[in-house]
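Structure first, then comments.
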Amino acid sequence: MSYLECNGLKRIFPGKFTLDLSFEMGEDELLCIIGPSGSGKSTLLSLLCGVDSPDFGKIILNGRDITQEPIQKRRIGMVFQDFSLFPTMDVSQNICYGMRNIAKDERENRTAELLDLVGLSGFEKRSVSNLSGGEAQRIALARAIAAQPQILLLDEPLSALDAPLRKRLRTVIRQIHEQTRIPMIYVTHDREEAFAISDRVMIINKGKVEAIGRPQDVYNNPPNLFSARFTGEGSCIPMSLLTEEDSEKLAFIRPEDIKINKTNPSENYIILKDATVVSAEYITSGFFVRLSYKGSELCCYASSQPESETVDLAVKRDRVLCF
Amino acid sequence: MPSSDNRYYLKNAVPALFIMAAVFLLPVGTVFLKAFSVPGEIGRTFTDRYTWRILLFTVLESSVSALISVVIAIPFALFFSRYTFFGRRALLTVSDAAFAMPAILAVLGFVIYYGNNGVLNRLLSANFQILYSFKAIILAHVYLNFPVAFSLITSALLSSSDQGEQASRLLGASEIRTFFRITLPRMWGTVISAFTLIFLFCFPSFLIVMSLGGNPRFFTMEAEIYKRTYTDVNPSSAASLSIFSFLIMTLILVLSGYGRSQDKVQRRKVHLKKTRGREKALAFVLCLLILLFMAPPMLSIVHRSFFNRDGVFTLKAWTDIARRSSSGAGTSIRAVVNSLAVAFASSAAAVSLASSIAMDSAKRKSTFIALLTSLPMAVGSVSLGLGFSFLSAKLPIRSTAMSYVLVFLAHLVVVMPFAIRTILPGARKIPQRLSLAAKTMGGCDREIYRKIEYPLLRPYRKRALAFSFALSLGEVNATLTLGEGRVTTIPVLIYKMINQYNYQGASALAVILMAVAVTVFAIGESKGDESVLS
């Protein structure tokens with residue numbers, strides 16, 4: 001049985017936007033929701049946490065219909081992009097805010113445990129206005145967990161931080177998830193972050209679910225062209241360029257599935273002769289090469305910069321996605 | 001946010017709105033009743049050429065005062081928002097304090113400094129005839145409002161990005177071209193706001209007109225209302241004129257409200273440059289000019305409180321105050337106690353009511369409530385005092401205690417809009433997400449308001465309390481109009497002493513008033529309880 005079920009969830013903003021989706025997630029799961037700006041990620045979070053109400057559909061959490069329940073009763077924790085720590089309270093007061101009907105001693109012990117969990121032991125009496133971005137987000141996480149939520153929503157929690165810190169903290173979040181086993185819904189626009197942290201990813205676009213599944217499945221076998229493009233780099237060319245058949249379909253190929261000037265390619269490869277090199281960008285692990293082939297643009301990785309203007313390309317036959 | 005989220009705030013604000021409406025509408029309603037009690041009075045007043053002449057003069061003196069204040073303030077503001085130098089912060093703080101400077105201090109300072117036998121004429125052995133003229137009124141208004149314009153324009157320039165200017169200079173534009181094409185359009189909204197605000201301050205001018213104009217030709221609406229009430233003993237005519245003035249002020253207030261709402265400021269810190277060479281000299285000259293304009297009248301008051309008319313040092317005025325003796329116009333000690341008590345009560349009540357109104361207004365993003373609560377600004381304090389005195393005449397109880405209550409209520413109406421305007425920006429700065437975060441952790445509206453939002457408003461409430469206290473402390477018009485001599489506050493006593501030419505006694509009291517106002521302002525602006533809202 002699913003832990004969280006959203007059945008036929010619909011929120012209509014007349015003349016502007018309609019969110020219309022259904023999905024499920026299991027207990028102990030970390031589900032990442034990704035999608036472009038305006039795809040409905042924030043609307044979905046608003047419906048889940050109770051800031052907004054759906055026009056149709058139901059939200060079932062742990063077997064309980066919470067669709068019409070007020071925010072306070074839902075026991076859904078939330079971590080915000082801007083941390084939203086209470087500035088007039090210190091760290092421990094922030095963390096204790098959500099602990100209700102708990103004796104003082106126990107509150108203090110739990111605060112210490114949570115600070116330990118987020119790697120900030122001894123921060124109890126610190127003012128929240130003196131914390132760095134990374135520290136503030138860890139405190140926000142500890143505060144949300146302290147309220148013992150049934151599920152935790154993380155709304156682009158690392159967007160306000162710099163890239164190295166984002167990488168470090170996403171590992172921390174994953175570790176916390178594994179230790180606490182609190183189900184988490186993690187919203188981000190960073191696909192790399194989503195793939196790195198999640199058990200499953202859900203791609204939404206224009207208020208609808210485009211794909212849902214394990215990161216590697218969604219990346220390798222996207223169900224549609226939007227998901228293919230949204231989950232990573234790739235070349236989208238007419239199928240007729242690969243098969244010589246008259247097809248109106250499109251082929252989508254990941255850059256790692258195209259090799260430049262491959263020697264003795266087997267039958268598993270489709271050979272595209274005389275592609276023109278348009279550009280080669282250095283990307284530390286090698287080069288990202290853009291090419292033009294019969295009017296279509298392709299991209300691939302190369303270990304070294306192509307030496308000639310035209311090259312032959314070998315495309316892995318079984319990795320060509322057809323849409 | 002669902003609408004139910006704001007119900008608590010509305011429920012919280014309703015009693016405050018009700019109290020405010022009652023203390024405002026009762027006197028105003030009584031003025032209306034009085035005006036309509038004589039058939040045809042309203043019509044006569046509204047069509048009388050004399051009424052329109054007074055309106056014209058009031059508009060003229062307000063416009064000229066506002067224009068001069070703003071025009072003089074612009075170059076100072078431009079320099080102070082671009083360079084950093086020794087004394088800059090101190091002068092800006094003093095300018096902020098001018099918001100709460102009682103007009104009676106300016107009046108007394110002017111009489112002592114610019115008077116025919118004043119300090120200036122004695123120092124220069126000259127005979128400048130400044131007082132009791134149109135220019136004296138304008139000069140006093142500029143004296144009170146130049147710091148307001150200077151402070152407003154400087155802080156607006158400091159909080160808006162100067163990248164446009166940098167880009168313009170990088171593109172080769174001269175300083176003059178940059179000023180007219182980039183800087184001036186950038187500050188235009190603030191300049192208009194400052195002009196409107198000063199216009200609104202000067203429109204109901206009473207004390208300055210009465211004391212420094214010295215001629216019915218220079219009467220403003222408020223002065224004329226006072227004259228019709230107490231000299232002509234024609235309350236219905238005064239009431240009709242009050243209504244006329246109220247309608248005009250409401251119109252100006254509404255128009256200025258629209259102007260303000262369209263003025264959006266780009267938030268980005270301006271990088272201040274250090275002064276060097278000629279800039280340093282210019283900074284010195286500008287600071288000196290401000291000090292030469294602002295300091296002498298106040299220093300003259302302090303000096304005069306220790307010296308008699310012949311320039312002989314004496315502590316008589318001070319010992320008179322200490323001895324609780326009557327100065328012919330009332331007991332000084334009693335006036336000090338009255339002033340402090342009324343200021344404390346009215347400012348505390350105003351801040352407490354304003355907090356819930358501001359919170360509700362911010363939560364519902366309502367500009368209507370803010371505008372509605374500004375309405376008392378449209379009633380001059382003389383008119384307000386008049387309304388309360390009509391009201392007291394209708395009350396069955398007539399006692400000194402009742403006079404105190406009425407003075408307190410009048411002060412409450414006067415300071416309330418300012419308290420709301422001080423707290424409202426703070427309430428608007430509280431991020432909605434804080435309450436959402438608290439709700440996800442089970443917090444209810446009451447708890448969120450009490451534990452999270454109310455503490456966040458603390459610096460704004462403190463500033464509002466100080467500002468309201470200082471305003472109430474300096475309030476003279478309403479108290480003078482309705483007190484009937486029963487409630488004498490410091491400014492009322494100073495006013496009476498000025499009229500009795502007891503300048504030394506007035507100066508001693510003014511020094512006390514100044515000290516209290518400065519202390520209260522310092523507390524309001526003190527660090528250590530700074531806003532944590534960026």
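The values are calculated or read from the model by the stated rules, or taken from the named source; none is laboratory data. As the structure is a prediction and not an experimental result, all values here were calculated from the model. A quick note on method: Cβ atoms are made from the backbone with ideal geometry, for glycine too, and the neighbour counts reach across all protein chains shown. Side chains are part of the model used for accessible areas, which takes the heavy atoms of the whole protein and leaves out ligands, DNA and RNA. Shrake-Rupley method; radii C 1.70, N 1.55, O 1.52, S 1.80 Å.
Values as computed for the structure displayed
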| item | result |
| --- | --- |
| Residue check for A:PRO36: over 27 Å from A:ARG174 (Cα atoms), assigned to a loop (DSSP other than H, G, I, E, B) and either more than 14 Å from every other protein chain (Cβ to nearest Cβ) or out of contact with any Gly (no Cβ under 8 Å at 6 or more places or on another chain) (or both) | no |
| Some residue of the stretch A:244-251 being touching a residue at least 24 places away in the same chain (Cβ under 8 Å) and over 13 Å from A:LEU321 (Cα atoms) | no |
| Of the criteria (1) polar (S, T, N, Q); (2) more than 12 Å from chain B (Cβ to nearest Cβ); (3) under 21 Å from A:CYS32 (Cα atoms), which one A:GLN148 fails | (2) |
| In the stretch B:91-137, residue nearest to B:ILE498 (Cα to Cα) [restricted to those that are among the aliphatic types (A, V, I, L, M), open to solvent by less than 60 Å² (accessible area, probe 1.4 Å) and free of Cβ contacts under 8 Å to residues at least 24 places away in the same chain] | B:ILE130 |
| The stretch A:43-74, residues that are surrounded by 18 or more Cβ atoms within 10 Å (Cβ to Cβ) and either of a type in the set (Phe, Trp, Tyr) or under 23 Å from the mean Cα position of the chain (by Cα) (or both) | A:THR43, A:LEU44, A:LEU45, A:SER46, A:LEU47, A:LEU48, A:CYS49, A:GLY50, A:VAL51, A:ILE59, A:LEU61 |
| Search result, residues across the stretch A:290-320 that are open to solvent by less than 60 Å² (accessible area, probe 1.4 Å), assigned to a strand (DSSP E or B) and touching a residue at least 24 places away in the same chain (Cβ under 8 Å) | A:TYR293, A:SER296, A:LEU298, A:CYS299, A:CYS300, A:ALA302, A:VAL311, A:ASP312, A:LEU313, A:ALA314, A:VAL315 |
| Candidates A:GLN137, A:GLN175 - the one that is more than 13 Å from the chain's Cα centre (by Cα) and surrounded by fewer than 15 Cβ atoms within 10 Å (Cβ to Cβ) | A:GLN175 |
| Any hit, the stretch B:22-34, residues being closer than 30 Å to B:VAL302 by Cβ, touching a Leu at 6+ places or on another chain (Cβ under 7 Å), open to solvent by less than 50 Å² (accessible area, probe 1.4 Å) and part of a helix (DSSP H, G or I) | no |
| Within the stretch A:93-140, tally of residues that are of a type in the set (Val, Ile, Thr) and within 13 Å of chain B (Cβ to nearest Cβ) | 4 |
| Matching residues in the stretch B:149-178 - criterion: being under 13 Å from B:LEU272 (Cα atoms) and either of a type in the set (A, V, I, L, M) or surrounded by fewer than 18 Cβ atoms within 10 Å (Cβ to Cβ) (or both) | B:LEU157, B:LEU158, B:SER159, B:SER161, B:GLN163, B:GLN166 |
| Qualifying residue in the stretch B:458-467 (condition: more than 23 Å from the chain's Cα centre (by Cα), in the same structural domain as B:TYR404 (by TED's automatic domain parsing), closer than 30 Å to A:PRO70 by Cβ and modelled with pLDDT of 90 or more) | no |
| Test for B:SER332: is it farther than 30 Å from B:ALA317 by Cα and touching a residue at least 40 places away in the same chain (Cβ under 8 Å) | no |
| 3 or more residues outside the structural domain of B:TYR501 (by TED's automatic domain parsing) and touching a strand residue (DSSP E or B) at 6+ places or on another chain (Cβ under 7 Å): qualifying helices (runs of 4 or more DSSP H) within the stretch B:314-430 | none |
| B:ALA478, sole failed condition from (1) surrounded by fewer than 24 Cβ atoms within 10 Å (Cβ to Cβ); (2) away from chain A (no Cβ under 14 Å) | (1) |
| A:PHE287 being within 22 Å of A:ASN221 (Cβ to Cβ) and either open to solvent by 20 Å² or more (accessible area, probe 1.4 Å) or in contact with a helix residue (DSSP H, G or I) (Cβ under 6 Å, 6 or more places away or on another chain) (or both) | no |
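The rows are residues; the columns are (1) within 13 Å of chain A (Cβ to nearest Cβ); (2) open to solvent by 20 Å² or more (accessible area, probe 1.4 Å); (3) in contact (Cβ under 8 Å) with a residue 24 or more places away in the chain.
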position	(1), (2), (3)
B:SER435	yes, no, yes
B:LYS439	yes, no, no
B:ARG450	yes, yes, no
B:LEU482	no, no, yes
B:ARG486	no, yes, yes
